[in-house]
Every structure is written in structure tokens, then in C-alpha cells.
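Notes follow once the structure below has been shown.
The values are calculated or read from the model by the stated rules, or taken from the named source; none is laboratory data. As the structure is a computational prediction, the values presented were derived from the model and not from experiment. Positions of Cβ are backbone-derived with ideal geometry, glycine not excepted, and every protein chain shown enters the neighbour counts.
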Amino acid sequence: MKLFILLLLNIIFNSSASFFIKMGTSRMKFENGTGLFALVGHMFTNPFIWTGGICFVIGFLLYSVILQKAELSMVYPIVTSGSLIAITLLSLFVLHEPITLMDFLGFGFILLGIGLIIK
């Protein structure tokens, strides 16, 4: 049960990191002629980017703990697939990005695969 909670938390933090970085970069203006230092400066002053970075660090720490307790061949597909599903759902419901019927069919196969790996 503890491993399941750690996996779920890792998926949540990794997905949140990607979401916050998307939110932060969406608010930045990438224009021709914008200098690299200006872009980096905007990134360091953007609270969404900072929040995403913190979520990635927490996710990394959780992943390190998880790998001490379980096999990489089990953990990696679960975390990757779970993050894919979580990010897609965030994209659909929060960012209002289009998701197709084929995407949902793919999620079903991913969940089936995770079920097979866990057993």
C-alpha cells in the first residue's frame, strides 16, 4: 500500500510539474530577436516555472525512494503511463486541449498494460 501511495504521489508531482511549466511558458513571449538571457531571466522570475521546478524535484526524490523499494522494470512503465494519463486529463479539463476517441482508447490499453505489470 505504501508503494502505491508513493507511485501515485510521484505521478501527481511529475504531472503537476509539466502542467505548471506549460502554464509558465504560455505566459512568456518568445519573439524573434528576443535574447537568450532575456528568456532565461523571464523563466527565473516566473512563479509557474518555479512551481514546476519544485514539483520536478519532489518527484525526483519520490522516484529515488520508490526505486529503493521496487524494480525499475515495474516502476518506470507505471510512472510514465500514469503521468501520460494525468497530463492528458489536465490538458483536457484545465487547458481545454482537444482529446480524441483514439486517445481514450489508448488510455484503456495503457491501463490494461499497467494491470498486467502489477500482477
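Which of the numbered conditions does E31 fail, given that it passes all the others? Conditions: (1) at pLDDT 90 or above; (2) more than 20 Å from the chain's Cα centre (by Cα).
Here E31 meets the rest and fails (1).
Which residues, counting only those in the range 69-119, are part of a helix (DSSP H, G or I), hydroxyl-bearing (S, T, Y) and farther than 15 Å from K22 by Cα?
Selection gives S73, Y76, T80, S81.
Answer yes or no as to whether P77 is within 22 Å of L116 (Cβ to Cβ), surrounded by fewer than 17 Cβ atoms within 10 Å (Cβ to Cβ) and not β-branched (V, I, T).
Yes.
For the list (1) within 30 Å of M28 (Cα to Cα); (2) free of Cβ contacts under 8 Å to residues at least 60 places away in the same chain, I need the number of the one condition that L67 fails.
Answer for L67: the failing condition is (1).
Filter the range 1-23 down to the residues that are within 14 Å of K69 (Cα to Cα) and of a type in the set (A, V, I, L, M) and list them by number.
M1, L3, I5, L6, L7
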